[in-house]
Amino acid sequence: MSTASLPATPDGTSGPTHVAIIMDGNGRWAKARGLPRVAGHRRGADAVRRVVRGAGELGIPVLTLFAFSTENWTRPADEVSDLMGLLRHYLRSELEELRKNGARLRVIGSREGLAADIVRDIADAEKMTAANTRIDVNICINYGSRDEILNAARSLARRVAAGELTADRIDHDSFERELLTAGVPDPDLLIRTSGEQRISNFLLWQCAYAELVFVDTLWPDFGKEHLEQAIAEFRRRERRYGGVGG
Ligand code: IPE
Ligand code: IPE
Ligand code: MG
């Protein structure tokens, strides 16, 4: 099924153009099976592969996945190290799969604090997928929205101090250009798995008018059918943007 075959939205628009997902519940998935947390993260990486492929098949132009937050560094050192190991593995082993899916990869987040070889792998993976056009896949790693917003404010303040810009000329567009997501359209649909109903410092500016869909499924169990269900829910919503609607 492609998104085209789903019912139109009440406001007559199609979409979603951009689906963002907070991939949560790996630890609980493992715990429920008496396995170490890393087993859940491994199965979570399999779900990433399924969902990237599924999103491509559904014709979703932009998919953004939250993989590691700036706050996730506070986890036990061995879990952080397992997650970094999986990330390394993903960046090296998924290039062919990304190519097959026509996926252009962009890693969103601060490179500071990441191991030098991971920073290199990110640059290589972005370069090697740069010409792919079917789907943009953004993976947020070492990402935190408050830091992103602060850095944007700092950068604009510096430009004002340097006389390149006046404070009054700072508007939505110039602010957005300073964010790590510059050039990425705002998410239309934000999905969070595992039953938690919070944003956890993810795309705070960008999700101002995103439709939020919370699902109980744990991330390692999430697949294309769950994505389709969330899109169907999105299409039942009426987006009003502060207006009175249709
Ligand atoms: C999501 O699963 C993966 C990351 C945040 C890195 P969790 O590891 O948060 O799993 P739970 O929430 O403990 O079940
Ligand atoms: C959010 O999940 C971050 C990612 C999915 C990468 P967390 O599991 O870290 O969020 P909290 O701690 O439950 O808010
Ligand atoms: Mg969690």
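Rule-based calculations on the coordinates, nothing more; no lab input. Remember, predicted model here, so these are calculated numbers, not experimental data. Methodologically, a virtual Cβ is constructed for each residue, glycine included, from the backbone with ideal geometry; neighbour enumeration extends over all protein chains shown.
What size of dipole, in debye to the nearest 20, comes out for the chain about its Cα centre when the only charges are +1 on Lys and Arg C-beta atoms and -1 on Asp and Glu C-beta atoms?
The dipole of the chain has a size of about 400 debye.
For Lys127, which lysines qualify as cross-link partners when the Cα separation must be under 19 Å and same-chain residues fewer than eight apart are set aside?
Answer for Lys127, where 19 Å is the Cα cut-off: Lys100, listed by chain and number.
HN-Hα J couplings of the stretch 123-132 from phi, Karplus 6.51/-1.76/1.60, θ = phi - 60°, integer Hz, Gly and Pro as x?
4, 5, 5, 5, 5, 6, 10, 4, 8, 6
Using the 10 angstrom Cβ neighbour count as an exposure proxy, how do Arg75, Arg169 rank, fewest first?
Ordered from fewest to most neighbouring Cβ atoms within 10 Å, Arg75, Arg169 come out as Arg169, Arg75.
Rank the residues Glu211, Glu148 as a footprinting-exposure proxy: fewest other Cβ atoms within 10 Å of their Cβ go first.
In increasing order of surrounding Cβ atoms, one gets Glu211, Glu148.
What relative contact order, as a whole-number percentage, does the chain give when Cα pairs under 8 Å and 6 or more residues apart are counted?
Reported as a whole number, the value is 31 percent.
Within a 10 angstrom radius of the beta carbon, how do Cys207, Cys140 rank from fewest other beta carbons to most?
Starting with the residue having the fewest Cβ neighbours, the order is Cys207, Cys140.
Just from its helices, what would the mean residue ellipticity at 222 nm be for the chain, if runs of 4 or more DSSP H residues each count -39500 (n - 2.57) and the sum is divided by every residue, rounded to the nearest 500 deg cm²/dmol?
Values: 8 runs with 99 residues, N = 246.
Mean residue ellipticity, 222 nm, calculated: -12500 deg cm²/dmol.
Between Ile21 and residues 5 or more places away or on another chain, which pairs have amide H atoms under 5 Å apart, with H built 1.01 Å from N, and which residues are they?
Counting only residues 5 or more places away or on other chains, the set is Thr64, Leu65, Phe66, Ile191.
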